[in-house]
1. List pairs: first in the range A:1-27 and farther than 30 Å from A:Pro42 by Cβ, second part of a strand (DSSP E or B), Cβ under 6 Å, 6+ apart or cross-chain?
2. Residues of the range A:244-261 being among the hydrophobic types (A, V, I, L, M, F, W, C) and more than 14 Å from chain B (Cβ to nearest Cβ), which ones?
3. Take the range B:1-33 and flag every residue that is modelled with pLDDT under 65 and within 30 Å of B:Glu68 (Cβ to Cβ).
4. Only one residue in A:Arg290, A:Arg319 is under 21 Å from the mean Cα position of the chain (by Cα), more than 14 Å from every other protein chain (Cβ to nearest Cβ), within 25 Å of A:Met409 (Cβ to Cβ) and not β-branched (Val, Ile, Thr), so which one is that?
5. Exactly one of (1) within 16 Å of the ligand (Cβ to nearest atom); (2) of a type outside the set (Phe, Trp, Tyr); (3) out of contact with any Pro (no Cβ under 9 Å at 6 or more places or on another chain); (4) part of a loop (DSSP other than H, G, I, E, B) is unmet by A:Ser258. Its number?
6. I want to confirm something. Restricting to the range A:5-33 and keeping residues that are surrounded by fewer than 16 Cβ atoms within 10 Å (Cβ to Cβ) and either closer than 18 Å to A:Leu138 by Cα or not assigned by TED's automatic domain parsing to the domain that holds A:Thr93 (or both), which single residue is nearest to the chain's Cα centre (by Cα)?
7. Surrounded by fewer than 20 Cβ atoms within 10 Å (Cβ to Cβ), within 9 Å of another protein chain (Cβ to nearest Cβ) and part of a loop (DSSP other than H, G, I, E, B) - does that describe any residue in the range B:369-386?
8. Would you check which residues across the range A:397-416 are surrounded by 11 or more Cβ atoms within 10 Å (Cβ to Cβ) and either among the β-branched types (Val, Ile, Thr) or touching a residue at least 60 places away in the same chain (Cβ under 8 Å) (or both) and list them?
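The values are calculated or read from the model by the stated rules, or taken from the named source; none is laboratory data. Note that the structure is a prediction, hence the values are computed from the model and not measured. Positions of Cβ are backbone-derived with ideal geometry, glycine not excepted, and every protein chain shown enters the neighbour counts.
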Amino acid sequence: MKVGMISEPGKLVLYLELEEDDRPAPTDKYQIGKRIITTIFPEDFDPEDIHPDLLGLSCILICEPFIGTRITLPKPVSKHFYEGHKKVTSRYTIANVDEKLKPRKIDSDYVPGLAFSGGVDSTAALSVMPHNTVPVFLDRPLNGRSMYNKDAAYNSCNEVSRLGYNMNIIQCDLEYARKPVGFPVDVANSVPAILMADYLRLDSIAFGTIMESSYGLGHKNYRDYPNGNHYTHLGGMFESAGIPFNLPVAGISEIGTSIIVEKSPIGFIAQSCMRGIWKSPCQNCWKCFRKLILDAAIEDENMDNDTITRLFNNKEAMRFVSGIPIKHENVLTWATNKLKIDNELFSLLKKRVRGDTHSFPWMNKWFPDSEIVLHEKYGDEIKHNIARYLETMTEEECEYLREWSMEDMINSEQTALDRDNLVSNMKDHIKSHQ
Amino acid sequence: MGDDSSIGFGRLDDAGSAEDKFRRELVRIRKSASFRVGVHIITAVERPWRLILLPFSLPWLIFSIGLERLGKKAIPEFEQPRFDADKNRKSVIMFPTNGVGFGHFTRLLSIARRIKKLDEDIEVIFFTTMPTLHLLKREGIPAYHLPGRKKFNDMPAKTWNKIVEENIANVFAVHKPSMFIFDGAFPYRGMLNSIQGRDEIKKVWLRRGTFKKGSTKIPVDSINHFDYIITPKDSLELEEHDMEFTSAVVKCDPILYLDEIELRPKEDLRNRLGIPHDAIVCYLQLGAGQINDIESDISICLSELERHENVYVVLGESMLGSRLPSIGGRVRVLTDYPNSMDFNAFDFTIMAAGYNSYHEAIRFSVPTISIPNMNTGMDDQLARVEVAEEAGAMIVLREVSKRRVQAVIERILDESVRDSMIKASEKLHRPNGANQMAKWIIDEI
Ligand SMILES: [Zn+2]
C-alpha cells in the first residue's frame, strides 16, 4: 500500500494506491472503497505541519485492513514510531523511516482530546473527562442514500460548543474507504483529532468505548482487554505516535453510561438515535428500542400499554432480538429484570434475555480494573468524576465480570425456543399494527 | 480658538445672552410652519406671476414641511448671527442623558477624567439629567443638573425642552465652550435649538451603532446639527452608516472608565467583604428585581453557585436601581462605581451582555458566563457576546435552565478552563477608546 498526499491550508487529500500483495477484499464482508480521502480543516491549519508520525498513524487507521506486507506513508516516520509500530504489528511493516526525525513532543499544558460522536457513550465519556477536554467530531459527508441523520449529531456538537468546550467539527470522508461504508478500524473516528493533535495541543485521545466493546461484556466470553490485541496493537501504535489512548468508560457498561448521561449536567446533549432529529428519536431502530427499556429501568418507571405497543412495533428490533446472543443482551437482561410489566410481549422478551432469573446487580457499576486504560495524567480526575455517578464493583462483583460467559445460554435449546416464541409474537404484533 | 487662557467667563446678563435668547426665538418663529406659509403667500401676492403658481407651490411647501417634521428632509438653513470663535474658552460641555443605566454617563466621564489628567487647564463641565453627581465630584468635574422630564409630574415636553434650551444657552453664555458633546440615544429638541447656529462651538454626538435607513428613528436634520459623530466600536465590525448626513464620522475603540492599572489588588475586596483569600469569587450581575422569584435567572445561578462550598458570590448592585435584599451565607453585595474597579478580585463573572459589562470583562480578562438579554431592541447583546464565545473567551447561555447553569458553572470552576478563557480574552484586547477620544478632543479645541 502506498499513500500519497496533496494539501493546501485547510485541506488534506490522501491517495491510497494498492500494491500487488495488498488485500482489496480482506473478508467477504467488506472491501476497499474510495481511494481518495479528503479532510477539511480550519483555514489556519496547514496539513504540511502535521507531524509525520501522526500523519502515518492516520493513514494506517484508514487502510490497515487492506495492507498486504508493507505500507509506504506520505512522509517518512520517526524511528521511534517505526520501532513502536513494529513491536505491536506482525502482519506488515512501514516502508519509509526518517532516522533524524524527532518523535512528537508533548508539553505539560497540553489538553485531553476526545473522539466525540454526540451519542450516549461519548457524552458519558465527556461527562467524566476533565473540563478542558477538546472534543473532535468526525463529520461524514452524506451521499444521499444514508439513513443517518446528522441533525442530532450537529445539535449535540452545537450544545457542547455552547457549554464552552473547544468543539471541533471536522469533515472527513474516510468511512467511504470501506465498502460497505464504515470505519476500516474502529478507532479511525479519531483521525481528525490525530491530524490536528498539535494544532489543538492534545496529549491523548479518548474514546467512548464501553465495557461491552472492551471487556467483552454481553459477548460470548469475558476478554482481558488491556492484554488483548485491540489495546496492545492499536493502543501501542497510538502511544508510539505520541498520542496515547485514554478510555474513560471502558470499565462502564451501556447501563452505566446511560446513568451518567441521566445524572450529569451535560447529559442533555446526548442523542442515541442516529436517525431521528434532535430531541425526537425515530422510535423505529434497535437503539431506540433498547434505550426506551433501559431508561424506564434506570428511572424506575413502568411503561403504560400504549408505550409497550409502540415499543414492540419495531421491525429492526425484531431482527435484532432474533440473534443469539442479542447485541447488548446484557443490557436487556439487567433492564427487564428491574421492570415489573404485565404484558405478554414484554414477558417473552424478559424470558428470552433471562431477565426473569438474572439481575446482574454489578452491571451498573464501574469496573476498577479499567483504571489501567485511563491516561495517567487524568486518571485520578476521571475516577473522581465517575464516582459522582456510579458505585465501584466490589472484588466479588469484579469476579462475576471476569467469569462472564454466555456460552451455556447460547447453546441452550430453551433459548432458541424462547427466541422463536418472542419473534413470532412480535411479528404478529407488527402485522396487526400496520 | 481659546488658546488664551486669560479669556474669562461670560456673563449671564451680557448682551450676548439676551441677544442669543431673541435670536433663538427668531429662529424658532422663522422655522414655524405658520410663518413660512404666511411668507409664501405674501411673496405671491407681491409678485402676481407667482400667484398663478400658488395652487401648486403652496401644497408643495406644506408637503415639504410635513417631510421635515417626519425627519425625511432637512430643514433649510436660516440666517444666523455670528458668534466669535476667538472668544471661546478652553472648555468642553458634556451632556450625557440617562438611558437604562450608566452607559452614556460613564462613557463621557471616562473621557472627561482623562482630559483632566492630560491637560488640567481644560475645563470640563457636565450638563446632565443623571442624578449621580457625587461621582463627578471625585473627578473634580463640576456639573449642572436638570432632572429628566419624567421626574416632574406631567410636565409637557415643550416646557421641559424650553428649560433645556434656556439652561444650555446660559451655560454656553457663561462658559463660552469650544466644544459640546452629547451622549444619548435621541437628541432633545431643546438641546438642538440651543446648539443650532452656534458655528463657533464644535458639536459632537457620541453614539453607539450606525444610522440606518428605516431602522433609525433619528431625523437626518437632528444628525446634521452635529459636526462630528463619534462611534465607539463594538465586538462586531461596525457597519457603515447608510443615511446621508453632513457630520464627519470618527471611530474609536470601546470606551472604558478604567485602565488596567487602576484596578484594585485582588485581596482588597476580599478583605473589605470578609471573603477568605483562597475562595473562588463569582461576580453576579443580572439585574435586580426578580431575586425573590426562584425561577428567575439570578435565583437559578445563586442556587447553583451555592452548591459549591468554596465559592463566594458578589452581587453587583446598581446605584440607580432598587436595593438588593440581603441573602446571607456566602453572598455579598457590592455597590461601587464602577464595580469593575474590583475585577481583579473576581475569578469569574455571570453577567448580562451590556456594552460596558462586556467590554470590561474582555479588557480585564475576567472569565465570564454571559446571559445576554434578548429583549433590548436595538442593542444586540447576543451578537456582541457571540464574538467572545467564538474566541473561547466567554460561555454564552442562550437559555437558562438549572442543568445548563450547573454544567457551565462546573466548567468555569475548573482553573484550566478559566485560564484558557483568560488567554482567549487577551487576544480580544483593544486599546481604551477613552484615551483616544480624550486626545482627539484636546487636539480639536
Ligand atoms: Zn432511533
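1. Here the result reads A:Pro24/A:Gln31; A:Pro24/A:Ile32; A:Ala25/A:Gln31, each pair linking the range A:1-27 to a residue that is part of a strand (DSSP E or B).
2. In the first step, residues of the range A:244-261 are kept if they are among the hydrophobic types (A, V, I, L, M, F, W, C); the result is A:245, A:247, A:249-250, A:252, A:255, A:259-261.
Scanning the range A:244-261 gives A:Phe245, A:Leu247, A:Val249, A:Ala250, A:Ile252, A:Ile255, A:Ile259.
3. Residues satisfying the conditions are B:Gly16, B:Ser17.
4. Numbers: A:Arg319 fails: under 21 Å from the mean Cα position of the chain (by Cα).
After applying the criteria, what remains is A:Arg290.
5. Unmet for A:Ser258, out of (1) within 16 Å of the ligand (Cβ to nearest atom); (2) of a type outside the set (Phe, Trp, Tyr); (3) out of contact with any Pro (no Cβ under 9 Å at 6 or more places or on another chain); (4) part of a loop (DSSP other than H, G, I, E, B): (4).
6. Filtering first and then ranking leaves A:Val13.
7. no
8. The initial filter retains those residues of the range A:397-416 that are surrounded by 11 or more Cβ atoms within 10 Å (Cβ to Cβ), namely A:397-402, A:404-406, A:409-410, A:412, A:414-416.
Answer for the range A:397-416, where residues must be surrounded by 11 or more Cβ atoms within 10 Å (Cβ to Cβ) and either among the β-branched types (Val, Ile, Thr) or touching a residue at least 60 places away in the same chain (Cβ under 8 Å) (or both): A:Leu401, A:Arg402, A:Trp404, A:Ser405, A:Met406, A:Met409, A:Ile410, A:Thr415, A:Ala416.
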